[in-house]
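Novice: Pasting a structure here, questions to come.
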Amino acid sequence: MTRDLELVGAEVLRPDGLEQGALALKDGVIAESGGGRQVDLSGFQVLPGIVDLHGDGFERHLAPRRGAMKNLGEGLLSADAELAANGITTAVLAQFWSWEGGMRGPAFAQRFLDALAAAEGLLTDMRVQLRFESHLLSDYAAFEAAVAAHDVPYVVFNDHLPHAALEKGKKPPRLTGQALKSGRSPEAHLALLKELHEAREAVPEAVAGLAARLAARGVRLGSHDDDTAETRTFWRTRGLRISEFPETREAAEAAQAAGDPVVMGAPNVVRGGSHSGNVTAADLVADGLVDALASDYHYPAPKQAVLRMVADGICDLATGWALISARPAAVLGLSDRGTLEAGKRADLIVMGPDGRIGATLVAGRVSHMAGEVAARFMAA
């Protein structure tokens, strides 16, 4: 249920910047003018809801300990609450389909897809991204069937095989730990890695075929962790146009030059650099090489990243906020959200001067509300 509201007194972030004025909500969308119950939000800011292009922070809700969570639906409800508290109104849940097994294995991916399809009462608009390991040649048919059965809108191809070690005949790092997570013995896990590595010559053609079939279904396609311009070209020529978390400036520049959207991790900005020594996301933002920032593994990060960049003088609020609202919405083809304009969905947040989110609304429905903002709504 939604109520017609008129939010007054706050600074409202329009596409061109903050302006003082009222924001009217009617039937779950932003209206030209008011008429609903007035809520005085003086001292607060109203901003577009965050569109999170890629996040796997939901995993800790589904399985706080390995094998502990049997009812994934309860975990999704918990993730819903965390997303809302962090101002995320549209969340792309990035689920692995990988040889790594456990929560990254095909069996868990199927469980996750089934649970999300059956979930009731979720307030955040949750969407799926499946991250497919390109060398899993024997899984191509099953993966494609799962995408079709669940109408998955977004697929990203990964290649996490330790090729360098396998090429030299060395035991890959962290082999035993990975094996335990996958439910295999270290010997069996190493044998699988070698088998997948040795089949690498067949991968380019297989990727091209699968990508073409998925694209024909309208699926958006991307690659993950591009490390060179050549890598980006490899994926682009096979129809994978979105470049997620490129590891180098060279790869990001190649993507931008070809018109491929670049998505970087917001935690990279918050930390002041990559935790793994890759290119610094804030530097790429400053140089206009980033189309969107995503939560990656930490849902508070998108908001934190923008506020940090504004404080550091890298960008103004309107430019920075667009990286977590309007521009990721455009990458996903969601023209009905991302800005506070008449006719758009009433996806928005109310934020205090301390950066704390007091309310999140999704299509006019409250998904999170607390503190002084809740008191203002109650008073209305």
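Novice: Please find, within region 249-268, the residue that is surrounded by the most Cβ atoms within 10 Å (Cβ to Cβ) out of those that are more than 13 Å from Asp225 (Cα to Cα), of a type outside the set (D, E, K, R) and under 19 Å from the mean Cα position of the chain (by Cα). Let's see the steps before the verdict.
Specialist: Going through region 249-268, the residues more than 13 Å from Asp225 (Cα to Cα) turn out to be 253-254, 256-261, 266-268.
So of that shortlist, the ones also of a type outside the set (D, E, K, R) come out as 254, 256-259, 261, 266-268.
Then drop every residue that is not under 19 Å from the mean Cα position of the chain (by Cα), which leaves 261, 266-268.
Numbers: Pro261: 21, Ala266: 31, Pro267: 21, Asn268: 25.
Checked region 249-268; the qualifying residue surrounded by the most Cβ atoms within 10 Å (Cβ to Cβ) is Ala266.
Novice: Here is a check on your reading of the model: is Leu221 out of contact with any Ser or Thr (no Cβ under 9 Å at 6 or more places or on another chain), open to solvent by less than 40 Å² (accessible area, probe 1.4 Å) and not in a helix (DSSP H, G or I)?
Specialist: yes
Novice: Which of (1) at pLDDT below 95; (2) closer than 28 Å to Asn268 by Cβ; (3) open to solvent by less than 70 Å² (accessible area, probe 1.4 Å) does Lys181 not meet, given it meets every other one?
Specialist: (3)
Novice: What number of residues in region 145-170 are outside any helix (DSSP H, G or I), over 22 Å from the mean Cα position of the chain (by Cα) and surrounded by fewer than 18 Cβ atoms within 10 Å (Cβ to Cβ)?
Specialist: So the first thing to find is which residues in region 145-170 are outside any helix (DSSP H, G or I), and the list is 150-162, 168-170.
Imposing the further condition that a residue be over 22 Å from the mean Cα position of the chain (by Cα) reduces the set to 161-162, 168-170.
Then keep just the ones that are surrounded by fewer than 18 Cβ atoms within 10 Å (Cβ to Cβ); that gives 162, 168-170.
Qualifying residue count for the region: 4.
Novice: Among what's in region 330-371 and is within 21 Å of the chain's Cα centre (by Cα) and of a type in the set (Asp, Glu), pick the residue that is most open to solvent (accessible area, probe 1.4 Å).
Specialist: Restricting to residues being within 21 Å of the chain's Cα centre (by Cα) and of a type in the set (Asp, Glu), the top hit is Asp336.
Novice: Now a separate question. Looking at (1) farther than 25 Å from Leu122 by Cα; (2) within 20 Å of the chain's Cα centre (by Cα); (3) open to solvent by 10 Å² or more (accessible area, probe 1.4 Å), which is the only condition Gly320 fails?
Specialist: (3)
Novice: Ala91 fails exactly one of the following numbered conditions: (1) open to solvent by less than 10 Å² (accessible area, probe 1.4 Å); (2) under 25 Å from Met351 (Cβ atoms); (3) in a loop (DSSP other than H, G, I, E, B). What is the number of that condition?
Specialist: Result: Ala91 passes all but (3).
Novice: Kindly indicate whether any position in region 190-203 is touching a Phe, Trp or Tyr at 6+ places or on another chain (Cβ under 9 Å) and either of a type outside the set (A, V, I, L, M, F, W, C) or open to solvent by 10 Å² or more (accessible area, probe 1.4 Å) (or both).
Specialist: Within region 190-203, one or more residues are touching a Phe, Trp or Tyr at 6+ places or on another chain (Cβ under 9 Å) and either of a type outside the set (A, V, I, L, M, F, W, C) or open to solvent by 10 Å² or more (accessible area, probe 1.4 Å) (or both).
Novice: Does Ser78 count as open to solvent by less than 30 Å² (accessible area, probe 1.4 Å) and either hydroxyl-bearing (Ser, Thr, Tyr) or in contact with a Pro (Cβ under 8 Å, 6 or more places away or on another chain) (or both)?
Specialist: When the stated conditions are applied, Ser78 does not pass them.
Novice: Another question about this same structure. Got at least one residue in region 121-137 being farther than 30 Å from Met369 by Cα, in a helix (DSSP H, G or I) and at pLDDT below 95? I'd like the intermediate steps shown before the answer.
Specialist: Let us first name the residues in region 121-137 that are farther than 30 Å from Met369 by Cα, namely 130-137.
Restricting the remaining residues to those that are in a helix (DSSP H, G or I) gives 137.
From the residues that got through so far, the ones that are at pLDDT below 95 too are none.
The answer is no; no qualifying residue exists.
Novice: Residues that are under 18 Å from Val373 (Cα atoms), in contact with a helix residue (DSSP H, G or I) (Cβ under 8 Å, 6 or more places away or on another chain) and outside any loop (DSSP other than H, G, I, E, B): does region 11-26 have at least one?
Specialist: yes
Novice: A further question follows. Which one of the conditions (1) within 25 Å of Val290 (Cα to Cα); (2) out of contact with any strand residue (DSSP E or B) (no Cβ under 9 Å at 6 or more places or on another chain); (3) modelled with pLDDT under 95 does Ala199 fail to meet, given that it meets all the rest?
Specialist: (1)
Novice: State whether the residues of region 96-107 include one that is within 30 Å of Glu6 (Cβ to Cβ) and not in a loop (DSSP other than H, G, I, E, B).
Specialist: For region 96-107, residues within 30 Å of Glu6 (Cβ to Cβ) and not in a loop (DSSP other than H, G, I, E, B): absent.
Novice: For region 225-248, what are the residues that are among the β-branched types (Val, Ile, Thr), in a loop (DSSP other than H, G, I, E, B) and open to solvent by less than 60 Å² (accessible area, probe 1.4 Å)?
Specialist: Here is the first cut: in region 225-248, the residues among the β-branched types (Val, Ile, Thr) are 228, 231, 233, 237, 242, 248.
If we keep only those that are in a loop (DSSP other than H, G, I, E, B) as well, we get 228, 237, 248.
Those that are among the β-branched types (Val, Ile, Thr), in a loop (DSSP other than H, G, I, E, B) and open to solvent by less than 60 Å² (accessible area, probe 1.4 Å): Thr228, Thr248.
The values are calculated or read from the model by the stated rules, or taken from the named source; none is laboratory data. Predicted model only: the values in this text are computed from it and were never measured. Cβ sites come from the backbone with ideal geometry, for glycine too, and all protein chains shown count toward neighbours. Each accessible area value is taken on the protein alone, full model and side chains, heavy atoms only, with ligands, DNA and RNA left out. Shrake-Rupley method; radii C 1.70, N 1.55, O 1.52, S 1.80 Å.
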